[in-house]
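Visitor: Can you keep this structure in mind? I'll have questions shortly.
The values are calculated or read from the model by the stated rules, or taken from the named source; none is laboratory data. Not measured: the values here are computed from a predicted model. Quick reminder, even Gly has a Cβ in these numbers, built from the backbone with ideal geometry, and neighbours come from all protein chains shown. These accessible areas exclude ligands, DNA and RNA; they are computed on the full protein's heavy atoms, side chains included. Shrake-Rupley method; radii C 1.70, N 1.55, O 1.52, S 1.80 Å.
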Amino acid sequence: MSSKRERRGSQRHPLRILVDYSSVDSFFSEMATNINEGGMFLATDAPAELDQLVKLALRLPGLTQPIEVEARVAWMSRGEGGAEPGIGLQFLELSDEVRETINRLVRTLRASSN
């Protein structure tokens, strides 16, 4: 069985930003702890279901307005074995502008970690 890291397309980079997210009947503000071009990990104790669709408002560094995107819950961590509880989110249908903004952030994080 492959690990989460092996299944995702690119390496995640550490990042702590506030993210507002909502599903059909809930609204939360949580901390994202890492990001890559295809998704992010959101540290949360709030219940979620696999494949649940959520709307995100990402408050990225250097931007005055949050970026709004849709994502699906791709995997969950219940915090067992010392892992941080939360949800792995896969971004869905990003506009070219939003995709480039996220990719630029990831490139900056990648360069600063080398």
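Visitor: Using helices alone, I'd like the mean residue ellipticity at 222 nm for the chain: each DSSP H run of four-plus residues gives -39500 (n - 2.57), total over residue count, nearest 500.
Guide: -6000 deg cm²/dmol
Visitor: Rounding to the nearest 20 debye, state how big the charge dipole of the chain is about its Cα centre with +1 on each Lys and Arg Cβ and -1 on each Asp and Glu Cβ.
Guide: Here the size comes out at about 560 debye.
Visitor: Continuing with the same structure: Looking at region 48-104, send over the antiparallel percent of its DSSP beta bridges, to the nearest 5.
Guide: Bridges in region 48-104 are about 100 percent antiparallel.
Visitor: I'd like to check one number: the per residue accessible area of the chain, probe 1.4 Å, reported in Å² as a whole number.
Guide: Values: 6990 Å² over 114 residues.
Per-residue accessible area for the chain comes out at 61 Å².
Visitor: Continuing with this model, one more query. Estimate the FRET efficiency between GLU100 and ASP51 by the formula 1/(1 + (r/R0)^6), using the beta-carbon distance for r and 25 Å for R0, to the nearest 0.05.
Guide: 0.40
Visitor: Of all accessible surface on the chain at a 1.4 Å probe, what whole percent is carbon and sulfur?
Guide: 49
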